[in-house]
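Chemist: Before we start, here is the structure in question, set down as structure tokens.
The values are calculated or read from the model by the stated rules, or taken from the named source; none is laboratory data. Owing to the predicted nature of the structure, the values given are computational and were not obtained by experimental measurement. As a convention, Cβ positions derive from the backbone with ideal geometry for all residues, glycine included, and neighbour counts pool all protein chains shown.
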Amino acid sequence: MIATFRIPGAGRLKQAETARFSFDGQSYAGVEGETLASALLANGVHLVGRSFKYHRPRGFLSAGAEEPNALVEIKRDSARRTPNVRATVQELYDGLTAQSQNRWPSLAFDVSALGDIASPLLSAGFYYKTFMWPKSAWKNFYEPRIRAAAGLGVAPDQPDPDHYSARFAHCDVLVLGGGAAGIAAALAAAETGVRVILADEQADFGGSLRFESGARIDGQDGFAWAQGAVAALKAMDNVRVLSRATAFGYYAQNFVGLVERVSDHLQSPGRELPRERLWQVRAKRVVLATGAIERHMVFADNDRPGVMLASAARTYLNHFGVAVGRNVGVYTANDSAYAAAIDLKKAGVGVAAIVDLRDHPTGSVIDEARALGIEVNFGRAVIRAGGKLRVSSMTVQPKNGGGERTIPVDAILMSAGWTPSVHLFSQSRGKVAFNDETKRFVPGTYAQDCVSVGACNGTDGLSATIDEAYAAGAKAAKDAGVKNAGANTVKGIKPKVDASESWSRGMLGAAPGAGPDTTVKAFVDFQNDVTAKDIRQAVHEGMRSIEHVKRFTTNGMATDQGKTSNMHGLAIAAETLDKPIPQVGLTTFRAPYTPVTFGSIVGHARGPLFDPTRKTAIHPWAEPQGAVFEDVGQWKRAWYFPKAGEDMHAAVDRECVTVRKTAGLFDASTLGKIEVVGPDAAKFMELLYTNPWEKLEPGRCRYGIMLREDGFIYDDGVVGRLAADRFHVTTTTGGAPRVMNHMEDYLQTEFPHLNVWLTSTTEQWAVIAVQGPKSRDIIAPLVEGIDMSDGALPHMSVREGRICGVPTRLFRMSFTGERGFEVNVPADYGQAVWEALWAEGQKHGACAYGTETMHVLRAEKGYIIVGQDTDGTVTPGDAGLDWAVGKKKTDFVGIRGMARPDLVAKGRKQLVGLKTKDPKVVLEEGAQIVGDPKQAIPMTMIGHVTSSYWSENCGRSIALALVTGGRGRMGETLYVPMPNGTIEVEVTGMVFFDEKGERLNG
Amino acid sequence: MLLIRCPYCEEERPELEFRNAGEAHIARSADMAATSDDDFEKFFFIRSNPKGIIYERWRHMHGCARFFNAVRDTVSDRFLLTYKAGEPKPAKLPGAAE
């Protein structure tokens, strides 16, 4: 198909390559470097989407990021399907595949468009009023139907195969917006030598210079000047230039988030390229040069495909060389639309008429339009657009009423004036001020170190813009505090503006013909289908605040965030409320400025890179042994070691029995370890743990309990005293970081007088637990310099020496109730020492066991696990650990909290053992316990199961539970109600195996 | 993301390096065991949660690891001042609203 709307000689893409693309299955040709919107228009395609609520046919409103209508799905392959891409932003590449959205079965015939006819039922706030009756219909009827009909586009159903990167950057001056103002500010700042970043959301710099054919700077066409200036900036070492980079959020202390679209415009992006790159920039000064966005005219059926902003039509013509029609009409309330008519007329496009709402405008553009033979009408309004899938006519009427005249057109270019883009300024917490003369909100009070220049500051005219921007850029560089840094001693010269255009003034709100006395569909917000009538209705129904009007009507709440609609909506609300605009107020601008992908926010932090994975030194041994691993925090821990044919239960049963019969090896490296060192180390330990430490002899160990100030158990672990001034403290695996933080907090802020150093040594030591009757026989042959006899190395002692020739801290301790050791060696030697111990263990029939067996064995002995058998509301007394609290101590963290009335009251929940009446039944951890199973529901629960296992060594199930007044209930029968029956249990002590503890020395 | 000045490093560093550690200037009694129920309640449970100026503790977790004090305006989220642990509450605040 020949691109029939491409104008020979127009635009800036003359040498560009042809790019073939498809839209809704139809194949077209465009040129590389233009947008999908431009390429479709070149092929005469205006109808590209259906609206959200009424499913009305829609075309292109704009040529930029503010586009509310032309949202399409771009599909690269089955996984790369991106919905809601603005066709006005998407750059064309050869092979691009696009599809329209929100229509069925086809774009031209959409069944849901019946909603347009039924629209009286779908007025403002209809969600809140309809679907209320009957109540039962909501869940089964209304909600599924609404969900099916709602939403824009279809989310991809496969994981995103692309990757996204992120950069932090710092600069002295960050310039946001690369139009005339931004470029001038960047030039001025860059020439002083400070670090400058200039960013623009478009592929090409120049902003409105892309279409403003009347602009001439430094003797050149404005756009050509912009390209030269940006090339000069790029060549400077102190400047970074980012194109296709949208500043989407302005956060505290001049922290700005930008998304750079790196490869969405490429035909086949290489794997090395990220799709997008998130920039997090901290700038000493920010220059906002974000320009202005043209507003549409609010009149009946102003959403017909072919009705678009005048500046958009100019961009398509002057930048892309595409005419948006053959016979266009113009409807305006300011001067800038005249320039569009003039440019199109000069390019050979028919201009049917200019309809100007103003009564007696004067100016050179008006004279020029007339001189070109264009019909110009003053004081008239377009009261209606004709056509359905494409505009076919505009009906014109004197604005105070009178005879109608219908003019055939194939496009209507409209301009109600320009809205300064104060989004980022407002996000920076700056307060906007309303200029009553120009009817614009412009930056008022600044909250951060930034400055607005050019159109976003309400500055009219190119000359004034460049003056302002150049001065602001120089000042920002100076304020950034860098004194003539760098080698750039040559002062720059301010760009000189030779010619420019005027775009001031315009109108806000509904145009004549869409006033309060009408029921026409004059759209304010295209994306959310909000009409002028809806806004008036919201006010009539009692909405007074603009924030309420916004939410009731959803005006400005679509993905375009009301870039074109907010000011019109506000003006209509103000008029209906009969209040001045500033009194009605402006809704808040929030980040992001344009939609941001989840991918760019997530970056590399997904899949295996979402969170670090910690593996012990012994992991490389366990893995090929067939260990099944479980996640414990960030750690991978060997859970059990199944032999061929074993399931988890069989493996755990075998491991449990083997440990108690001969011995087992267990990787305990993940235990938290903290070295507490210094002259006051014992004093510090006295304050941080409930136990007494001063009298613990070097070489001995003690089980320590750490409380919070409130008296509840915070952590526990065995502590070895290596010397008078040195403790080897162990913590729970999960508790290590918070225990370290807790200790540091007290040492630095409450007990700073203590001379103590704390060092986390968790990763320094590999810990190999060897437990069981044969444990000493396994270890002894490998140890040098340590007497391992019971007399020299009794239970709960520690010695330093060597094992396999490497240094060790050898602990005699047990978490199984068997004779046991924990061999600490430097992590680098962990695997080698493990393998040596394993070889010795094999001679004795020892096994390797995992965390599940460790849990069962400790539960058989009633040893608690903090965080499983305690939950942050358990005191040492509740856990049966009163013996570990130093009775003579006058202070430790938690000493006062423990004495609180509720913590010493009777009837607290206490840890006890539970035996099921049927020994084969294993309780569920977390199951609730009741005293009387026949009571009415909801039952009074008196506790819950904290640990529960099958114990092969006991030949029955065992459990620990927190039960109200538990220790007073020994032998009592309690009940655990479960979905398929109530389980009878007997309250017992917590030790199920070797009650006398003889095996510790066995 | 905020920039926070660590009074030990004497540098402004990004918020990512820091952890909040609750309200500042809540002294633990030297004779903790003898504290009354009321005083313990004030010490452990009651926090000011002001709209405006708050004195709070931060830790330069991924830096020098020191705890320090900060004065922050909870309305603007602005840090007015940071100072070392153990130093008294500053009498004058720079840039604070009267």
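Chemist: Determine, yes or no, whether A:I407 is among the β-branched types (V, I, T), more than 18 Å from A:E294 (Cα to Cα), away from chain B (no Cβ under 14 Å) and part of a strand (DSSP E or B). If you could, list the steps in order and put the result at the bottom.
Modeler: Details: among the β-branched types (V, I, T): yes; more than 18 Å from A:E294 (Cα to Cα): yes; away from chain B (no Cβ under 14 Å): yes; part of a strand (DSSP E or B): yes.
Yes.
Chemist: In the stretch B:12-31, which residue that is out of contact with any strand residue (DSSP E or B) (no Cβ under 7 Å at 6 or more places or on another chain) and more than 9 Å from chain A (Cβ to nearest Cβ) is farthest from B:C64 (Cα to Cα)?
Modeler: Among them, the one singled out is B:I26.
Chemist: Right, another one. Under 6 Å between Cβ atoms, at least 6 apart or on separate chains: pull out the pairs that start in the stretch A:801-818 with a residue that is surrounded by fewer than 20 Cβ atoms within 10 Å (Cβ to Cβ) and end on any residue that is among the small types (G, A, S) and assigned to a strand (DSSP E or B).
Modeler: none
Chemist: Outside the structural domain of A:Q202 (by TED's automatic domain parsing), within 30 Å of A:I197 (Cβ to Cβ) and in contact with an Asp or Glu (Cβ under 9 Å, 6 or more places away or on another chain): does that describe A:N318?
Modeler: When the stated conditions are applied, A:N318 passes them.
Chemist: Answer yes or no: is there a residue in the stretch A:737-744 that is buried (at least 21 other Cβ atoms within 10 Å of the Cβ) and more than 14 Å from chain B (Cβ to nearest Cβ).
Modeler: For the stretch A:737-744, residues buried (at least 21 other Cβ atoms within 10 Å of the Cβ) and more than 14 Å from chain B (Cβ to nearest Cβ): present.
Chemist: Can you tell me which residue is farthest from the chain's Cα centre (by Cα) among those in the stretch A:889-904 that are more than 8 Å from chain B (Cβ to nearest Cβ) and either assigned to a helix (DSSP H, G or I) or modelled with pLDDT under 95 (or both)?
Modeler: A:V904
Chemist: Given the options A:P977, A:P938, A:P933, name the one that is in a loop (DSSP other than H, G, I, E, B), of a type outside the set (K, R) and in contact (Cβ under 8 Å) with a residue 24 or more places away in the chain. Let's see the steps before the verdict.
Modeler: Working: A:P977 fails: in a loop (DSSP other than H, G, I, E, B); A:P938 fails: in contact (Cβ under 8 Å) with a residue 24 or more places away in the chain.
Just a single option satisfies the conditions, and that option is A:P933.
Chemist: Quick test of your reading of the structure: A:G877 fulfils all but one of (1) within 14 Å of chain B (Cβ to nearest Cβ); (2) out of contact with any strand residue (DSSP E or B) (no Cβ under 7 Å at 6 or more places or on another chain). Name the failing condition by number.
Modeler: (1)
Chemist: Here is a follow-up. Go through the stretch B:27-58 residue by residue and tally those that are surrounded by 15 or more Cβ atoms within 10 Å (Cβ to Cβ) and more than 21 Å from B:V75 (Cα to Cα). Walk me through it before giving the result.
Modeler: Step one: filter the stretch B:27-58 for residues surrounded by 15 or more Cβ atoms within 10 Å (Cβ to Cβ), giving B:28, B:32, B:35, B:40, B:43-44, B:53-58.
Of the ones still in play, those that are also more than 21 Å from B:V75 (Cα to Cα) are B:28, B:32, B:35, B:40, B:43-44.
Adding up the residues that qualify gives 6.
Chemist: Moving to a separate point now. Pick out, from the stretch A:487-594, the helices (runs of 4 or more DSSP H) lying fully within it that include 1 or more residues that are acidic (D, E), touching a residue at least 24 places away in the same chain (Cβ under 8 Å) and in contact with a helix residue (DSSP H, G or I) (Cβ under 6 Å, 6 or more places away or on another chain).
Modeler: Values: elements: A:532-540, A:546-553, A:566-577, A:581-584.
In the stretch A:487-594, A:532-540 are the helices (runs of 4 or more DSSP H) which contain 1 or more residues that are acidic (D, E), touching a residue at least 24 places away in the same chain (Cβ under 8 Å) and in contact with a helix residue (DSSP H, G or I) (Cβ under 6 Å, 6 or more places away or on another chain).
Chemist: Just the residues that are assigned to a loop (DSSP other than H, G, I, E, B), touching a strand residue (DSSP E or B) at 6+ places or on another chain (Cβ under 7 Å) and among the acidic types (D, E), please, taken from the stretch A:845-874.
Modeler: Selection gives A:D869 alone.
Chemist: Another question, if that's okay. What residue, of A:G228, A:G270, A:G222, is crowded, with 21+ Cβ neighbours inside 10 Å, under 24 Å from A:G33 (Cβ atoms) and out of contact with any Phe, Trp or Tyr (no Cβ under 9 Å at 6 or more places or on another chain)?
Modeler: On the way: A:G228 fails: crowded, with 21+ Cβ neighbours inside 10 Å; A:G270 fails: crowded, with 21+ Cβ neighbours inside 10 Å.
A:G222 is the lone residue from the list that is crowded, with 21+ Cβ neighbours inside 10 Å, under 24 Å from A:G33 (Cβ atoms) and out of contact with any Phe, Trp or Tyr (no Cβ under 9 Å at 6 or more places or on another chain).
Chemist: A follow-up question, please. Restricting attention to the stretch A:446-470, and to residues there that are within 30 Å of the chain's Cα centre (by Cα) and of a type in the set (S, T, Y), which single residue is farthest from the other protein chains (Cβ to nearest Cβ)?
Modeler: First pass over the stretch A:446-470, keeping only residues within 30 Å of the chain's Cα centre (by Cα): A:446-452, A:456.
After this cut, where a residue has to be of a type in the set (S, T, Y) as well, the list is A:446, A:452.
Values: A:Y446: 13, A:S452: 20 Å.
That would be A:S452.
Chemist: Taking the stretch A:600-614, which residues are assigned to a helix (DSSP H, G or I) and among the hydrophobic types (A, V, I, L, M, F, W, C)?
Modeler: We begin by selecting, within the stretch A:600-614, every residue assigned to a helix (DSSP H, G or I); these are A:600-602, A:607-609.
Those that are assigned to a helix (DSSP H, G or I) and among the hydrophobic types (A, V, I, L, M, F, W, C): A:I601, A:V602, A:L609.
Chemist: I need the full set of residues from the stretch A:290-328 which are charged (D, E, K, R) and over 36 Å from the mean Cα position of the chain (by Cα), in order please.
Modeler: Across the stretch A:290-328, the qualifying residues are A:D301, A:R304, A:R314, A:R326.
Chemist: List the strands (runs of 3 or more DSSP E) that sit entirely inside the stretch A:233-320 and contain at least 3 residues that are of a type in the set (K, R).
Modeler: The strands (runs of 3 or more DSSP E) meeting that bar are A:276-288.
Chemist: Go over the candidates A:G542, A:G603, A:G556, A:G585 one by one and state the one that is crowded, with 24+ Cβ neighbours inside 10 Å and of a type outside the set (A, V, I, L, M). Even if it seems obvious, please write down each step before you answer.
Modeler: Details: A:G542 fails: crowded, with 24+ Cβ neighbours inside 10 Å; A:G603 fails: crowded, with 24+ Cβ neighbours inside 10 Å; A:G585 fails: crowded, with 24+ Cβ neighbours inside 10 Å.
Answer to the check: A:G556.
Chemist: How many residues are outside any strand (DSSP E or B) and surrounded by 15 or more Cβ atoms within 10 Å (Cβ to Cβ) when one looks only at the stretch A:426-445?
Modeler: Here is the first cut: in the stretch A:426-445, the ones outside any strand (DSSP E or B) are A:426-430, A:436-439.
Checking which are surrounded by 15 or more Cβ atoms within 10 Å (Cβ to Cβ) leaves us with A:426-430, A:438-439.
Residues flagged as outside any strand (DSSP E or B) and surrounded by 15 or more Cβ atoms within 10 Å (Cβ to Cβ) within the stretch A:426-445 amount to 7.
Chemist: Which residues, taken from the stretch A:745-758, are away from chain B (no Cβ under 11 Å) and surrounded by fewer than 18 Cβ atoms within 10 Å (Cβ to Cβ)?
Modeler: Correct list: A:L754, A:N755, A:W757.
Chemist: Quick one: count up the residues across the stretch A:159-192 that are hydrophobic (A, V, I, L, M, F, W, C) and assigned to a strand (DSSP E or B). Explain how you work it out, then say what you get.
Modeler: The first filter runs over the stretch A:159-192 and keeps only residues hydrophobic (A, V, I, L, M, F, W, C), leaving A:166, A:168-169, A:171, A:173-176, A:180-181, A:183-190.
Next cut, assigned to a strand (DSSP E or B) only: A:166, A:168-169, A:171, A:173-176.
Going through the stretch A:159-192 one residue at a time, the tally reaches 8.
Chemist: Continuing with this model, one more query. Could you tell me which numbered condition B:P90 fails, if it satisfies all but one of (1) modelled with pLDDT of 95 or more; (2) more than 13 Å from chain A (Cβ to nearest Cβ)?
Modeler: (1)
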